[in-house]
1. Can you tell me which residues in the range 32-63 are open to solvent by 10 Å² or more (accessible area, probe 1.4 Å) and more than 21 Å from Glu163 (Cα to Cα)?
2. I need the full set of residues from the range 251-264 which are open to solvent by less than 80 Å² (accessible area, probe 1.4 Å) and either more than 6 Å from the ligand (Cβ to nearest atom) or modelled with pLDDT of 95 or more (or both), in order please.
3. Checking Ala219 against (1) within 27 Å of Thr29 (Cα to Cα); (2) assigned to a loop (DSSP other than H, G, I, E, B): exactly one of these is not met. Which one?
4. Between Ala226, Ala180, which is among the hydrophobic types (A, V, I, L, M, F, W, C), within 16 Å of the ligand (Cβ to nearest atom) and surrounded by fewer than 15 Cβ atoms within 10 Å (Cβ to Cβ)?
5. Among the residues of the range 183-214 satisfying the criterion of being farther than 18 Å from Glu238 by Cβ and of a type in the set (Asp, Glu), which is surrounded by the most Cβ atoms within 10 Å (Cβ to Cβ)?
6. Considering only strands (runs of 3 or more DSSP E) fully contained in the range 112-177, which possess at least 2 residues that are under 28 Å from Glu238 (Cα atoms) and open to solvent by less than 10 Å² (accessible area, probe 1.4 Å)?
7. Could you go through the range 110-119 and let me know if any residue there is away from the ligand (no atom under 14 Å from the Cβ), out of contact with any Asp or Glu (no Cβ under 7 Å at 6 or more places or on another chain) and modelled with pLDDT of 95 or more.
Amino acid sequence: MTQADLTVQKLRHTTKLRMLKVGRITELTPSMRRITLVGADLEGFHSASFDDHVKLFFPAEPGAELAMPTMGPNGLQFPEDAPRPIARDYTPRRYDPAAQELDIDFVLHHSGPATDWAMGASVGDSLGVGGPRGSFVIPTGFDWHALIGDETAMPAIGRRLEELPQGAQALVIVKTRDEASRMDFQSRCDLRIQWLVDDASDDGMDALERAARELVLPAGEGYVWAAGEYTPIQKVREHLVKERGLDKGRIRAASYWRREAPATHVNFE
Ligand SMILES: Cc1cc2nc3c(=O)[nH]c(=O)nc-3n(C[C@H](O)[C@H](O)[C@H](O)COP(=O)(O)OP(=O)(O)OC[C@H]3O[C@@H](n4cnc5c(N)ncnc54)[C@H](O)[C@@H]3O)c2cc1C
């Protein structure tokens, strides 16, 4: 293995905006709904990394017409005569270029424009999709891969596990609201998975942070990817980098949402 094989790559893509239709709806767990988006607009869609996100555009009000932006010379341009659509970030879970299908998996635990839309969606409904605008590509050639997150990270983790080659070692820690919300991940790699339940502990420490503190990192070259609610993910990263001395270049940790705040995306650095 050469060092070059382990260099993460940051790619930029030309942002494309698409209008797609709901083609299929699949209940994955009581709290996760897969919406399969279809349409000729998917032509040329490309997602280079499990860490990617697309921007989903929802009508400003439920039932209102979706006023999609266009790409201008300085970025997105919104129609001036209509209320701006609401945008939220989601993982492109699976893209099938032959069938022209894009799967997005929605967590349904709360209320917000994206979740409400997914809960009420029907086949034939329209959805605006932008991006991915860029990709953070983590090589698959590491000796081990730690993947840590809550339910919002499950689409990315599920995709990564399908993409990792045979022989790769994956240590997965996922926190779900309850046992019924766990999923069967498909993978060829050597997979060790630890399921946690979102429970309040006496010491106030989040289950994800506690598990990260107890995690024994294998020998060899590895990479940690973590995503989920702001505070536990920040604490997981702090513990691994500041207390355990993990190289900052060997961890990608992102807030995918934040309690009491809409649409929060932060890459901790
Ligand atoms: C890069 C990236 C990829 C993501 N991929 C996915 C994905 O594939 N699937 C997925 O389901 N989510 C994913 N998310 C998270 C998703 O974007 C947020 O959960 C988003 O806030 C949901 O939008 P909303 O309109 O439903 O709620 P918002 O209007 O954003 O928030 C409304 C309220 O709900 C709370 N809230 C938001 N999300 C949750 C949650 N998951 N559980 C409990 N309370 C919540 C907020 O704190 C707020 O109080 C991703 C986020 C990022 C940044």
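1. Arg33, Val38, Gly39, Ala40, Asp41, Glu43, Lys55, Pro59, Ala60, Glu61, Pro62, Gly63
2. If we filter the range 251-264 for residues that are open to solvent by less than 80 Å² (accessible area, probe 1.4 Å), which is where we start, we get 251-256, 261, 263-264.
Residues satisfying the conditions are Ile251, Arg252, Ala253, Ala254, Ser255, Tyr256, Thr264.
3. Only one criterion in (1) within 27 Å of Thr29 (Cα to Cα); (2) assigned to a loop (DSSP other than H, G, I, E, B) is unmet by Ala219, namely (1).
4. Numbers: Ala226 fails: surrounded by fewer than 15 Cβ atoms within 10 Å (Cβ to Cβ).
The unique qualifying residue is Ala180.
5. Filtering first and then ranking leaves Asp198.
6. Numbers: elements: 126-130, 134-137, 144-150, 169-176.
Qualifying strands (runs of 3 or more DSSP E): 144-150, 169-176.
7. So the first thing to find is which residues in the range 110-119 are away from the ligand (no atom under 14 Å from the Cβ), and the list is none.
Scanning the range 110-119, I find no residue that is away from the ligand (no atom under 14 Å from the Cβ), out of contact with any Asp or Glu (no Cβ under 7 Å at 6 or more places or on another chain) and modelled with pLDDT of 95 or more, so the answer is no.
A quick yes/no check of all residues on (1) touching a residue at least 12 places away in the same chain (Cβ under 8 Å); (2) in contact with a Lys or Arg (Cβ under 7 Å, 6 or more places away or on another chain):
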site	(1), (2)
Pro59	yes, no
Glu80	no, no
Asp89	yes, yes
Asp96	no, no
Gln100	yes, no
His110	no, no
Leu127	yes, no
Ile138	yes, yes
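The values are calculated or read from the model by the stated rules, or taken from the named source; none is laboratory data. Keep in mind it's a predicted model, so treat the numbers as computed, not measured. Every residue, glycine as well, gets a Cβ built from its backbone with ideal geometry; the counts of neighbours run over all protein chains shown. Note: areas computed on protein heavy atoms with side chains; ligands, DNA, RNA excluded. Shrake-Rupley method; radii C 1.70, N 1.55, O 1.52, S 1.80 Å.
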